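Engineer: Following this message is one structure expressed as structure tokens.
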Amino acid sequence: MKHGLIASLCGRTRRLMALGILIPAFALAQGEDPVRPDRPEQIRFPEQQFHPPKPERVVLKNGLVVYLLPDPMIPQIRLSGLVHAGSLRETAKESGLAGLTAEVLRLGGSTITPATEMNRLLEYAGADLEAGAQRDYVALSLRVLSKDRDLGIRLLGEILLRAGVAERMYEAMVKWLSWIPGGLMHSNIGACAVFAATSGSSVATAATVGTVALPLVEKHGYDERLFLGTLAAGGTLGILIPPSINMIIYAVLTDTSIPQLYLAGIVPGLA
């Protein structure tokens, strides 16, 4: 009993001594703590050090600028590209066309790989290939494992270059105007008018439609010079039909109203 009482007293003594040490230490710490401001805008935070990554800028032979930012910690490749398009360029009657085009661009496959096969390849590789329209651009993005980079880049290239939009547009024009004598010539002009309304460039219009139409010259037995003449004439519609890039530049240089120039160009362009 006596030993138990002594042990109990020793335990209480140790607890009291510990408490006696903690109380002064807590009071000292409270005294060193700076006074907190009363209002949030008076709070001052330490300066944050941020070092953004520095990508490598590479200019390809075709003039395309690419920024490379390697990350050896992640065995994955991410590619993203911005196309100069978007809802900002839509008229009231074309509202939603950019988003629909971006959706079809991804889900429509390409002229080389059908949509179902492309989806199967992407799912098998665990990759993502998406397209979406924003206000002033259309974004294309690819996420694929490093070991499957060749597959991912090939499919992305097919969507950009072999989506088949121009081919299908030209085929529709051929079927629509086939009843007119020299229907393929009229198809060239019609396809150029449609493409000019989306690109705004004469060079892009002639090059795109010409790439699709030229293989049909020998197939249908047309005179090559006459055929090329219709493509050259149709390409000029890119200057007249909105959204003409040339008219925008001219309006800025001469302080002219862009809508008035568009109204002046769309009538002869469609006629």
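Engineer: To the nearest µm²/s, what D does Stokes-Einstein give for segment 33-164 at 20 °C and 1.002 mPa s, using the Kirkwood radius over alpha carbon pairs as Rh?
Structural biologist: Translational D for this selection: 119 µm²/s.
Engineer: Right, next: How big is D for segment 125-271, in µm² s⁻¹ as a whole number, if Stokes-Einstein is applied with the Kirkwood radius of its Cα pairs at 37 °C and 0.692 mPa s?
Structural biologist: 189
Engineer: Please report the projected area of segment 117-161's Cα convex hull averaged over all directions, in nm².
Structural biologist: In nm², the orientation-averaged hull projection of segment 117-161 is 3.3.
Engineer: On to the next question. If you look at just the Cα atoms of segment 220-260, how large are its Rg and its Dmax in Å?
Structural biologist: Every Cα atom of segment 220-260 included, Rg and Dmax give 15.2, 48 Å.
Quick note: the coordinates plus some simple rules give every number you see, no bench work behind them. Since this is a predicted model, take the numbers as computed values, not measurements.
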